[in-house]
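Report on the structure given below.
The values are calculated or read from the model by the stated rules, or taken from the named source; none is laboratory data. Everything quoted here is computed from the prediction, not taken from an experiment. Note that we place each Cβ from the backbone using ideal geometry, even for glycine, and neighbour counts take in every protein chain shown.
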């Protein structure tokens, strides 16, 4: 839960994937401690940092006493209050923009947190939450007008509007011209994966015939290039670059953007790979095989 918030806090505190729990705790304390100390006493600062550290897997032995005193509801209230205090403290340095993307996929806890913050934040903080209409099936009240929120429905751009976007961008951002790739017929564009997992976005992109640019983490290479000979024979459905190599990633994106033939070829391979190996029936079958193997090994 709260994965987007975790990413925000890691970026704000300069926390790396390779950091140990003590290092994560130290970075959190160094970044957020002084800001919270300007508003609360030392004991309260520790109470605020404890649930944040726990979220990032960096709880300390001293936190155990605090955890034992809380039931589920009070722990949730303590966590939400800590997030609010941290954001309000950061906003005293500069106004904050919190961008929550694709929250129609968010867990209920994250949605509750977004709603809590919209009601209780008292600082120069703007939350922007992007979602598909289907979110309103889970949160119908979010479609109504509120004093502190605004809901805007966006329609897809027409093809003519997409074509106008390039010149408009160049006029508004001359420095970015060299990074703009003008395409007469854009076709599918790449998605970028940087975390150590196969994301739903990668599978959705493949099903839609969109080639993916991914860093070489987890099973991402397997998804894009195949794991078995028959799978690899389908061809690559994207490009894989080294971890933490933005130059190589940018070059991979540009190579796809400039080569319509390559995009089409990789998009076709992506669709074929999903049809062949990532259907619901495949998932069910593999789980059954795993359980059967586990049961069999226990019986032996």
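Here are a few things to note about the model shown:
- Residue 201 vs. criteria in contact with a strand residue (DSSP E or B) (Cβ under 7 Å, 6 or more places away or on another chain) and either closer than 30 Å to residue 18 by Cβ or loosely packed, with under 15 Cβ neighbours inside 10 Å (or both): yes
- Qualifying positions in segment 201-218 - in a loop (DSSP other than H, G, I, E, B) and within 19 Å of residue 245 (Cβ to Cβ): 211, 216, 217, 218
- Note on segment 232-255: residues that are without any contact (Cβ under 8 Å) to a residue 24 or more places away in the chain, in contact with a strand residue (DSSP E or B) (Cβ under 8 Å, 6 or more places away or on another chain) and within 23 Å of residue 273 (Cα to Cα) total 1.
- Yes/no for residue 263 being at pLDDT 90 or above, within 26 Å of residue 105 (Cα to Cα), touching a helix residue (DSSP H, G or I) at 6+ places or on another chain (Cβ under 7 Å) and assigned to a helix (DSSP H, G or I): no
- Flag if residue 232 is more than 20 Å from the chain's Cα centre (by Cα), over 26 Å from residue 17 (Cβ atoms) and surrounded by fewer than 18 Cβ atoms within 10 Å (Cβ to Cβ): yes
- Failed criterion for residue 89 (all others in (1) in contact with a strand residue (DSSP E or B) (Cβ under 9 Å, 6 or more places away or on another chain); (2) assigned to a helix (DSSP H, G or I); (3) farther than 14 Å from residue 5 by Cα hold): (1)
- Residue selected from segment 266-300 under the condition loosely packed, with under 10 Cβ neighbours inside 10 Å and closer than 20 Å to residue 231 by Cα, by the criterion modelled with the lowest pLDDT: 280
- Only one of the numbered conditions (1) part of a loop (DSSP other than H, G, I, E, B); (2) more than 23 Å from the chain's Cα centre (by Cα); (3) farther than 23 Å from residue 12 by Cα is not met by residue 160, and that is (1).
- For residue 254, the test of being in a loop (DSSP other than H, G, I, E, B) and at negative phi is failed.
- Considering segment 14-48, the residues that are exposed (fewer than 13 other Cβ atoms within 10 Å of the Cβ) and modelled with pLDDT under 85 include one that is farthest from residue 93 (Cα to Cα), namely 18.
- Residue in segment 71-81 that is modelled with pLDDT of 90 or more, assigned by TED's automatic domain parsing to the domain that holds residue 47 and either touching a helix residue (DSSP H, G or I) at 6+ places or on another chain (Cβ under 7 Å) or loosely packed, with under 14 Cβ neighbours inside 10 Å (or both) present: yes
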